[in-house]
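Worksheet for the structure shown next.
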Amino acid sequence: MPNTWEKGLRSYRYPVALEDFQYAHRFPRWFSFDLGNGGRSSTIEFESHFRKHAQKNIAVWLEVVFWKLYSQPSHRDRLTCNVATHFQVSGISAKSLWQTCMTYISKPVRATFESFRQLFGFQSQAVAVVATFPAFLDPESYPMVDTRIAKLVGNCMGAHNEAYRTGPQLIRPPFLDSKRTVLTVAYYEFMRHWTLWCVYTAHKLTKQTSFNRRARDVEMAVFNAWGGRGNRHPVFHLNPLPRA
């Protein structure tokens, strides 16, 4: 049963060239991490690189912002630069970002997430970029979340919920039934259910494969299964897993 999940992880690719950041010259020695083909191993190395420097250097936070936005070439430079300017003008330090994110990790409720989100100065209430950081700091317990994830959940949640009705249940992201196109903090309840489900699914995968799987690994497989622009969706189905 876990075969499709293993396929999702093995074939995961999110290649990013950090050196493509237009304003990288403003941050000597940064924006040079090599993610190679963007597979799971190199992505885990990038997560570790972030954790190593997250408490002391603001540039590593900007690297992750750019990494997350890399698939949007028309926006990534401008938005990353906007965040950098906001940090500088507002006097936001790497330590304050780390502490506020850790507060959310230790007490994951909408209020603590919103306190963290506001530090980035985004004009919209979209959550995808900000939700990346808990997943990098604690990948065992926190997955990333974005529109691509939400679409697969909305499309395939029924079979997965039916497979283990007594476990954490996925809920349909409300924005899929509206004219909205992105996840916002208004849909925090979806994020909460998604996080609990990923942790539980990671536990099941670990028991069934004898390899440690993290909440982030579940999310990577889901992200990969849905596919990118121009694909049919989902590209492949992830088998619902029986109770662990």
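Values quoted throughout were computed directly from the atomic coordinates according to the rules given, and no laboratory measurement underlies them. Because the structure is a prediction, the values reported are computed rather than measured. Neighbour counts run over all protein chains shown; Cβ positions are idealised from the backbone, glycine included.
Structure notes:
- Taking a sphere under 13 Å around the Cβ of residue 145 and counting the other residues whose Cβ falls inside, with K and R at +1 and D and E at -1, yields a net charge of +3.
- Relative to one another, the C-alpha centroids of the range 88-156 and the range 182-196 are positioned 11 Å apart.
- Cross-link table 7/52; 52/95; 151/179, entries beyond 22 Å C-alpha to C-alpha: 7/52
- What you get for the range 14-109, charging only the Cβ of Lys and Arg (+1) and of Asp and Glu (-1), is a dipole of about 360 debye around the Cα centre.
- Helix 188-209 axis versus longest C-alpha principal axis of the chain: approximately 60°, rounded to the nearest ten.
- Under the Karplus curve 6.51 cos²θ - 1.76 cosθ + 1.60, θ = phi - 60°, whole-Hz ³J(HN,Hα) for the range 155-167, x wherever Gly or Pro sits: 7, 10, 5, x, 5, 6, 5, 5, 5, 8, 5, 8, x
- If only the Cβ of Lys and Arg carry +1 and only the Cβ of Asp and Glu carry -1, the dipole of the range 98-197 around its Cα centre is close to 240 debye.
- Check: the chain dipole with +1 on Lys, Arg Cβ and -1 on Asp, Glu Cβ, in debye: 300
- Degrees separating the helix 58-69 axis from the principal Cα axis of the chain, which is the longest one: 50
- Options 98, 80, 170, ranked by Cα towards positive dipole end of the chain, top entry (Cβ charges): 170
- The chain: calculated mean residue ellipticity at 222 nm from DSSP helix runs of at least 4, using -39500 (n - 2.57): -16500 deg cm²/dmol
- With Cα atoms, 0 to 90° folded angle of helix 215-226 axis to the chain main axis: 80
- Charge tally for residue 75 (other residues, Cβ to Cβ under 15 Å; Lys, Arg +1; Asp, Glu -1): +1.
- Contact order relative to length of the chain, as percent, for alpha carbon pairs under 8 angstrom and 6 or more apart: 21
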